[in-house]
Amino acid sequence: ADPQAQSVCIDAWNTYERLGSPEGELALAQAVIYLALAPKSNSGYVAFKAAQRAARSTGSEPPPKHILNAPTRLMKDQGYGKGYAYDHDAEDGFSGQGYFPDGMERASFFQPVERGFERDLRRRLDYFANLRARRQS
């Protein structure tokens, strides 16, 4: 639930590697305190495992053609890139287009908890879900 926790740990490790004792030990102690007090969540891990299961169960399906690059005339003629919407040009910077392979239903693997930074991520997911629903209606 705290995406900065890894950075704090890597910074503490770097400090220890570069400065040694005692400064490095203090950095490690600060990282331990930070981790002890950080909001906890395994939702990223759970989402990753769910996405892996989905990938294994659906096999090696290609991405939808509209998001594939078409560097050759043949690929363009086969529909690669046709209908692609560039998110940066879309209203609100979000096109709502699908990215899952054809035949695979859109899934939401990440279910953030109501702790720490994940509360903000939940609001973002809800915001984009509402935009997607408006664009598809």
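The values are calculated or read from the model by the stated rules, or taken from the named source; none is laboratory data. Quantities reported herein were computed from a predicted structural model and do not represent experimental measurements. As a convention, Cβ positions derive from the backbone with ideal geometry for all residues, glycine included, and neighbour counts pool all protein chains shown.
Structure notes:
- With respect to being among the small types (Gly, Ala, Ser), surrounded by 10 or more Cβ atoms within 10 Å (Cβ to Cβ) and part of a loop (DSSP other than H, G, I, E, B), Gly116 fits the description.
- Those residues of region 87-103 which are surrounded by 10 or more Cβ atoms within 10 Å (Cβ to Cβ), part of a loop (DSSP other than H, G, I, E, B) and more than 18 Å from the chain's Cα centre (by Cα), in sequence order: Ala90, Asp102
- Selection status of Arg53, in a helix (DSSP H, G or I) and basic (Lys, Arg): yes
- Tyr84 being touching a residue at least 24 places away in the same chain (Cβ under 8 Å), in a loop (DSSP other than H, G, I, E, B) and in the same structural domain as Leu121 (by TED's automatic domain parsing): no
- Residue pairs whose Cβ atoms lie under 7 Å apart, sitting 6 or more positions apart in sequence or on different chains, and linking a residue in region 59-81 that is part of a helix (DSSP H, G or I) to a partner that is among the charged types (D, E, K, R), are Lys65/Lys82; His66/Lys82.
- Per the listing Tyr34, Tyr45, the residue uniquely closer than 24 Å to Arg119 by Cα, loosely packed, with under 11 Cβ neighbours inside 10 Å and not acidic (Asp, Glu) is Tyr45.
- Of all the residues in region 5-45, those that are free of Cβ contacts under 8 Å to residues at least 12 places away in the same chain and closer than 24 Å to Leu121 by Cβ number 7.
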